[in-house]
Amino acid sequence: MQFQSIFQVDAFTAEPFKGNPAGVMVVTEDITTERMQQLAMEMNLSETAFIFPQRDNLFEIRYFTPLKEVDLCGHATLASAHILYETGRVAPIEQIHFKAKGADLTISKSGSWLEMNFPRYPLIQRAAHPDFKALVGFEPVELYDSSYNWVVAVANSEDEVRNALPVFSALTGAGLGHLMITAPASTPGYDFVLRCFAPWAGIDEDPVTGSAHCALTPFWTEKLGKNQLTSLQVSKRTGILKTELAGDRVIIKGQAVTVFEIELRIKN
C-alpha cells in the first residue's frame, strides 16, 4: 500500500474557503498519467498539480482537471509554489523554477505574496458572435481570440460581468467553451473584473484564474494606461490578483493558504 500526501490549497486569497482551491502532490515515486487523472477526478477541483523534483529548485509540473490534462494553470502553480515554500522544500529567499508543458515558469516569495512570471498571451480581435447574448447574457463591446482557445469578451460594465448567466451546456458547441468575460471595475480599489468559464474541460466556472491574466493584463494596461493593475475575479468565492506587464511576460502576484493535507492510501 502506498502512503503519500496530497494537499488542498486555496489560491489567490489569504482566507480559507475563498479563492480557487487546487490539489497539490509532490511526487516521490513512479506514477502513471492514468493515476494522476484518477486522483484529479477524485479531488474534483478545477485543477490538481503534480510536482516532480528534478534538481536543486527545478521541478516539472503537470496539471489535471477532473476530465483532462491541461498545459498551463495559474492558480495550481501558485498553490504548488506555496506548498514547496511552506513545507521547507525551497527556502523563502530562493526562486522556484517550474517546467510546465505550456511554459517555463519562475516563482519567488515576498512576505505573504508569491510572484509568478508567466508568458504574455496574444489577442486577435474577432467578429461578433451571433448567439453570444443569448448564451451569456450581454452583448460584448469587443471580442478576441487568445492562446489555449480562450475567447475574451469585453463587457460595458462590472454589473454585466457579475450578472452574466451562461448556458454552460451550449457554450462548447458554440465555440465559447473556454471563455473569459471582463470589464472595468466599479468596485473601489480594483482596475478590472473578470469571470472565467471552461466547460470544455469540465469546469463550468473557474473561481479564480491566474492564467487569464496573461491575456487581460496587456489588454487593460493599454486600455487604462497603467502598468500595475489589481483585478477582482467576481466568482462566488472571489479572488484578488496584482499584475504587471513586463515585455513579453506577465507578473502575477497572489497569496495562498493550505486548507488540509490528505494521506493517500492506495493499494497497488
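The values are calculated or read from the model by the stated rules, or taken from the named source; none is laboratory data. Computed from a predicted model, the values in this text were never measured in an experiment. So basically every Cβ, Gly included, is an ideal-geometry build from the backbone, and we count neighbours across all protein chains shown. Quick note on the areas: whole protein, heavy atoms, side chains included, nothing else; ligands and nucleic acids left out. Shrake-Rupley method; radii C 1.70, N 1.55, O 1.52, S 1.80 Å.
Taking the DSSP bridge list for the chain and keeping only pairs wholly inside it, about 80 percent are antiparallel. Charged neighbours of Val152, selected by a Cβ distance under 10 Å, balance to -1 (K, R count +1; D, E count -1).
In sequence order, segment 239-244 has phi-based couplings of x, 10, 10, 10, 9, 8 Hz under the Karplus curve 6.51 cos²θ - 1.76 cosθ + 1.60, θ = phi - 60°, and Gly or Pro positions carry x.
Sorting the Cα pairs of segment 171-246 by distance into bins of 10 Å, from 0 upward, gives 19, 51, 25, 5 percent per bin. Rounded to the nearest 20, the size of the Cβ-charge dipole of the chain about its Cα centre is 120 debye, with Lys and Arg at +1 and Asp and Glu at -1. By the Cα gyration tensor, segment 204-268 has an equivalent ellipsoid whose semi-axes, rounded to whole angstrom, run 31, 14, 11 from largest to smallest. Between Gln54 and Ser110, the modelled labels are 2.5 nm apart [label points 7 Å from Cα along Cα→Cβ]. The share of accessible area on segment 166-262 that comes from carbon and sulfur is 52 percent, using a 1.4 angstrom probe.
In this Cβ point-charge picture (+1 for Lys and Arg, -1 for Asp and Glu), segment 167-268 has a dipole of about 120 debye about its Cα centre. Run the numbers on the chain and let me know its relative contact order in percent, using alpha-carbon pairs under 8 Å that are six or more apart. Once divided by the residue count of the chain, the mean separation gives 23 percent.
Within the shell defined by Cβ-Cβ distances under 10 Å, the residues around Glu139 carry a net charge of 0, with Lys and Arg each +1 and Asp and Glu each -1.
How much of the DSSP bridge set in segment 1-71 is antiparallel, in percent, rounded to the nearest 5? DSSP beta bridges in segment 1-71 are roughly 75 percent antiparallel. Quick one: with all protein chains in place, what share of the accessible area of segment 73-147 is carbon or sulfur, to the nearest percent (1.4 Å probe)? Carbon plus sulfur share of accessible area: 50 percent. Note on Lys18: lysines with a C-alpha under 19 Å away, same-chain residues under 8 apart excluded, are Lys236, Lys242, Lys253. Net charge of the neighbourhood of Glu205, taken over other residues with C-beta under 14 Å away and scored Lys/Arg +1, Asp/Glu -1, is +1. Along segment 164-180 the Karplus relation, 6.51 cos²θ - 1.76 cosθ + 1.60 evaluated at θ = phi - 60°, assigns HN-Hα couplings of 4, 10, x, 8, 4, 5, 10, 5, 4, x, 8, x, 10, x, 9, 10, 10 Hz to successive residues, with x for each Gly and Pro.
Taking 0.36 nm per intervening residue step and subtracting the Cα-Cα distance, what contour gain separates Ala128 from Lys236 on full extension?
Between Ala128 and Lys236, full extension yields 36.1 nm more.
For segment 1-136, the equivalent ellipsoid derived from the alpha-carbon gyration tensor has semi-axes of 27, 20, 16 Å in decreasing order. Grouping the Cα pair distances of segment 38-95 into 5 Å bins from zero gives a pair-distance distribution of 4, 19, 27, 24, 14, 9, 3, 0 percent in increasing distance order.
R0 = 41 Å: FRET efficiency of Gln95 with Asn163, Cβ-based, nearest 0.05? With R0 = 41 Å, the Cβ-Cβ based efficiency is 0.50.
Rolling a 1.4 angstrom probe over the protein heavy atoms with all chains in place gives segment 1-130 an accessible area of 47 Å² per residue. When only alpha carbons are used to place a centre, segment 193-236 and segment 115-166 end up 10 Å from one another.
Among the listed values (i) 53, 47, 34; (ii) 49, 42, 38; (iii) 54, 38, 30, the one matching Cα extents along the principal axes in Å as calculated from this structure is (iii).
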